[in-house]
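Student: After the structure tokens below, expect a handful of questions from me.
The values are calculated or read from the model by the stated rules, or taken from the named source; none is laboratory data. Model, not experiment: these values are computed from the prediction. In this analysis, Cβ positions are derived from the backbone assuming ideal geometry, glycine residues included, and neighbour counts consider all displayed protein chains.
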Protein chains: 2
Amino acid sequence: MQAGVSQATVSTFLAGNTDLIARETALRIKSAIAELDYTPNRSARTLRTQRSMVVACVVPDITNPFYPALFAAAQATLGAEYDVVAINSGGQRDAEQAVIAAALRGRYDGLLGVFFSCRASDFEDAVKAGVAVVRIEARRKLSGDLAIDDVFVDNRRAARELTDCLLSLGHVRIEMVAAAGGPETVRVDGYREAMQKAGHEVVVHKAKAFTAEGGAQAIRAMLEAGDPPTAILAANDLMAIGAMRALGEAGLSVPGDVSIAGFDDIMPAALAVPQLSTVALHQDELGARAASLLLQRFSGVADGAGRLVEMPFDIVHRASIGPPRQMPHETRIHQRRNST
Amino acid sequence: MQAGVSQATVSTFLAGNTDLIARETALRIKSAIAELDYTPNRSARTLRTQRSMVVACVVPDITNPFYPALFAAAQATLGAEYDVVAINSGGQRDAEQAVIAAALRGRYDGLLGVFFSCRASDFEDAVKAGVAVVRIEARRKLSGDLAIDDVFVDNRRAARELTDCLLSLGHVRIEMVAAAGGPETVRVDGYREAMQKAGHEVVVHKAKAFTAEGGAQAIRAMLEAGDPPTAILAANDLMAIGAMRALGEAGLSVPGDVSIAGFDDIMPAALAVPQLSTVALHQDELGARAASLLLQRFSGVADGAGRLVEMPFDIVHRASIGPPRQMPHETRIHQRRNST
DNA sequence: CTGTTAGCGCTTTCAA
DNA sequence: TTGAAAGCGCTAACAG
């Protein structure tokens, strides 16, 4: 080496074990590194250490505005040393499994993301082989004894509170729009709980997909079927926005004729007219927290059983909801009193 | 090896040089691979071949809805063999340079993306070292003799056509809202050309950023300053949506009082009320095309000087634009005739 | 404190 | 048509 020092010593220096190295030698190495603009070769290091320094961020659909924020935050938290690969799973089981298998083969040191189709047991081999896994979930989940960390938001409670919010405005006929294959079950559960507690009828409209078009179609079908409710709760913001559009096309005003609320607080929710009431899940904080759990696993700070981290949500009250038009005056006043 | 064959032979087999291998041996290798579920080790291969099989997709801001579609398409085109790392540059020069430097050191085989701050010369070392580079641009650009491929959409012409579209509706006072540091220059140029050709006054309002809030602020300032124009052209959709909001808050209707058009055709543009007229740049096709150019470089199919690929745009005519209210009746009829 | 040595798992000559 | 051998650049164990 240029510094008149062996490879191994440089390696020790780079590893930060500076106390094992003579002050003078360290200085010589340092200046040689600066002079040569030396950077250790990643693949050689990976081959030797069996650590790829690559993390896969698995999301169902990166074009859904919910996920880029999550991804960006995770990436920022992991820092420049780690490469973060975004994987579009489409929520498909085979795609999710493929990523897990790749990690098992050493391609990824860690897995972070939203796994709609894989269960804890699917991660078993990878986790036992030392792959760090952090899932982002819609509810508290038991990962058995596997070392899988979960970051979750209590979506059921969020849905309950959002429904309560609508109830407290005086709505009685509140109906939900949901598609299958995502975080909808817990959200529907929360809605159902709140409605049943209040003694009102539970009505869930099935949509084809978690998209604006899915929401719009469901609403059109609902309108054809007859008398619309005074409030609609959509399983996510995209569907809510589609629903708003369909109502507008049918000549109904929001929130005058129908109140609408969604879920996720994605950017278009704030840009919609009227602005959409929703539940903020703070995707950036989810991503950052998940990434920091991953880093703790990498550094060995954490190594026991899986951890469970609950993250807060916020009900975002915006212009798309209001009291029902048909409501008797006295009741409205009554409600006001209750809510103050 | 399990197949009673040497490492080297397996490597030859895997490389696809099947004609160099005895039929029987090939079969034995194949079944051994299947049985062992063998996959060659990436880092060993990378170390040996100096190809990382990783591509960096550089975008200014992955949370801007324009980019995820680009990213996803590029990723899909590159296929599962390549890992695609999304890099948020923030449009910052140092971030862009850091990625280039990393590629030069062998971390990335290829670079694909939108480089707001780096010029062709910044890529020189990397390109000469064999890194494949495909840029996505807003105009035809000369990359000198460097082997840099460009995929571009003629944004200037797009802006001109969009302005013409507004002019043909009868607008005379059309003003633009733009921020600095992005693709705004060519878009402003196109607007200016169209206006000057029509003999109308060119007015450009400066916004702070390419965001909805940036657009809203600029419009508020404009309204305070006095009489608003009958049409506004925003440098991108986010700003246009912000502008729509600001106008709404000021009690002006779109398109009744003011027509608005944007640029990019991001998802929220179609979800806005009224739906936003804009220019579709087809980000998915941009990403796919860029990725395929990259693959051609990788495979050696292409190796000469940089290629220039022009991609089409489409004017998307939606409800946010209409004829100016104050327009004399006869003129409107006249316009109708012209446009038929 | 520092250097020597032995691989990590692959591809690539070159020889048989 | 196949195998032996070298080595990509690094780290970890051990010896000095």
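Student: Does segment B:230-242 contain any residue that is out of contact with any strand residue (DSSP E or B) (no Cβ under 7 Å at 6 or more places or on another chain), surrounded by fewer than 24 Cβ atoms within 10 Å (Cβ to Cβ) and at pLDDT below 95? Reasoning before the result, please.
Tutor: The first filter runs over segment B:230-242 and keeps only residues out of contact with any strand residue (DSSP E or B) (no Cβ under 7 Å at 6 or more places or on another chain), leaving B:238, B:241-242.
Applying the additional criterion that residues be surrounded by fewer than 24 Cβ atoms within 10 Å (Cβ to Cβ) yields none.
No, segment B:230-242 has no match at all.
Student: Moving on to the next point. Just one of (1) surrounded by 13 or more Cβ atoms within 10 Å (Cβ to Cβ); (2) within 11 Å of DNA strand D (Cβ to nearest atom); (3) farther than 27 Å from A:TYR82 by Cβ trips up A:GLN2, so point out which.
Tutor: With (1) surrounded by 13 or more Cβ atoms within 10 Å (Cβ to Cβ); (2) within 11 Å of DNA strand D (Cβ to nearest atom); (3) farther than 27 Å from A:TYR82 by Cβ applied to A:GLN2, the lone miss is (2).
Student: I would also like to ask the following. When the residues of segment A:227-252 are filtered to those that are among the small types (Gly, Ala, Ser) and under 15 Å from A:SER277 (Cα atoms), which remaining residue is nearest to the other protein chains (Cβ to nearest Cβ)?
Tutor: Going residue by residue through segment A:227-252, those that are among the small types (Gly, Ala, Ser) are A:231, A:234-235, A:240, A:242-243, A:246, A:248, A:250-251.
Subset that is under 15 Å from A:SER277 (Cα atoms): A:231, A:234-235, A:240, A:242-243.
Values: A:ALA231: 19, A:ALA234: 13, A:ALA235: 17, A:ALA240: 10, A:GLY242: 8, A:ALA243: 11 Å.
Once the filter is applied, the top-ranked residue is A:GLY242.
Student: Another question, then. Take the residues in segment A:28-43 that are over 42 Å from the mean Cα position of the chain (by Cα) and away from DNA strand C (no atom under 11 Å from the Cβ), then tell me which one is nearest to B:SER43 (Cα to Cα).
Tutor: Step one: filter segment A:28-43 for residues over 42 Å from the mean Cα position of the chain (by Cα), giving A:28-32, A:35-36.
Right, trim to away from DNA strand C (no atom under 11 Å from the Cβ) and you get A:30-32, A:35-36.
Details: A:LYS30: 27, A:SER31: 29, A:ALA32: 27, A:GLU35: 28, A:LEU36: 24 Å.
Step by step, filter segment A:28-43, then rank; the result is A:LEU36.
Student: Can you pull out the residues in segment B:229-278 that are farther than 19 Å from B:ARG160 by Cα and of a type in the set (Gly, Ala, Ser)?
Tutor: Scanning segment B:229-278 gives B:GLY242, B:ALA243, B:ALA246, B:GLY248, B:ALA250, B:GLY251, B:SER253, B:GLY256, B:ALA269, B:ALA270, B:ALA272.
Student: Taking segment B:1-15 as the region of interest, how many residues are part of a loop (DSSP other than H, G, I, E, B) and either near DNA strand C (Cβ under 7 Å from one of its atoms) or touching a residue at least 40 places away in the same chain (Cβ under 8 Å) (or both)? Give the derivation first.
Tutor: Pass one, segment B:1-15, residues part of a loop (DSSP other than H, G, I, E, B): B:1-6, B:15.
With the extra rule that they be either near DNA strand C (Cβ under 7 Å from one of its atoms) or touching a residue at least 40 places away in the same chain (Cβ under 8 Å) (or both), the set shrinks to B:15.
Qualifying residue count for the region: 1.
Student: Oh, and also: Please go through segment A:47-95 and pick out each residue that is closer than 13 Å to A:GLY113 by Cβ, β-branched (Val, Ile, Thr) and at the interface with chain B (Cβ under 7 Å from one of its Cβ atoms).
Tutor: A:ILE62, A:VAL84, A:VAL85 - these are the residues of segment A:47-95 that are closer than 13 Å to A:GLY113 by Cβ, β-branched (Val, Ile, Thr) and at the interface with chain B (Cβ under 7 Å from one of its Cβ atoms).
Student: Right, something else. Please enumerate the residues belonging to segment B:70-84 that are touching a residue at least 12 places away in the same chain (Cβ under 8 Å) and either more than 18 Å from A:THR63 (Cβ to Cβ) or surrounded by 21 or more Cβ atoms within 10 Å (Cβ to Cβ) (or both). Walk me through it before giving the result.
Tutor: Residues of segment B:70-84 touching a residue at least 12 places away in the same chain (Cβ under 8 Å): B:70-78, B:81-84.
The answer is B:LEU70, B:PHE71, B:ALA72, B:ALA73, B:ALA74, B:GLN75, B:LEU78, B:GLU81, B:TYR82, B:ASP83, B:VAL84.
Student: Among the strands (runs of 3 or more DSSP E) lying completely within segment B:16-123, list those that include at least 3 residues that are β-branched (Val, Ile, Thr) and in the same structural domain as B:ARG297 (by TED's automatic domain parsing).
Tutor: Details: elements: B:54-59, B:83-88, B:110-113.
The strands (runs of 3 or more DSSP E) meeting that bar are B:54-59, B:83-88.
Student: Also: Does segment A:50-60 contain any residue that is within 8 Å of DNA strand C (Cβ to nearest atom), under 34 Å from the mean Cα position of the chain (by Cα) and surrounded by fewer than 16 Cβ atoms within 10 Å (Cβ to Cβ)? Quick ask: steps written out before the conclusion?
Tutor: Taking segment A:50-60 first, the residues within 8 Å of DNA strand C (Cβ to nearest atom) are A:50.
From the residues that got through so far, the ones that are under 34 Å from the mean Cα position of the chain (by Cα) too are A:50.
Add one more test, that the residue is surrounded by fewer than 16 Cβ atoms within 10 Å (Cβ to Cβ), and what stays is A:50.
Checked segment A:50-60: at least one residue is within 8 Å of DNA strand C (Cβ to nearest atom), under 34 Å from the mean Cα position of the chain (by Cα) and surrounded by fewer than 16 Cβ atoms within 10 Å (Cβ to Cβ).
Student: So in segment B:263-281, with the set limited to residues that are in contact (Cβ under 8 Å) with a residue 40 or more places away in the chain and part of a loop (DSSP other than H, G, I, E, B), which one is nearest to the other protein chains (Cβ to nearest Cβ)?
Tutor: Ranking the candidates gives B:ALA272 first.
Student: Going by the conditions given, is B:THR25 more than 9 Å from chain A (Cβ to nearest Cβ) and within 11 Å of DNA strand C (Cβ to nearest atom)? Spell out how you get there, then give the answer.
Tutor: Details: more than 9 Å from chain A (Cβ to nearest Cβ): yes; within 11 Å of DNA strand C (Cβ to nearest atom): no.
So B:THR25 fails the test.
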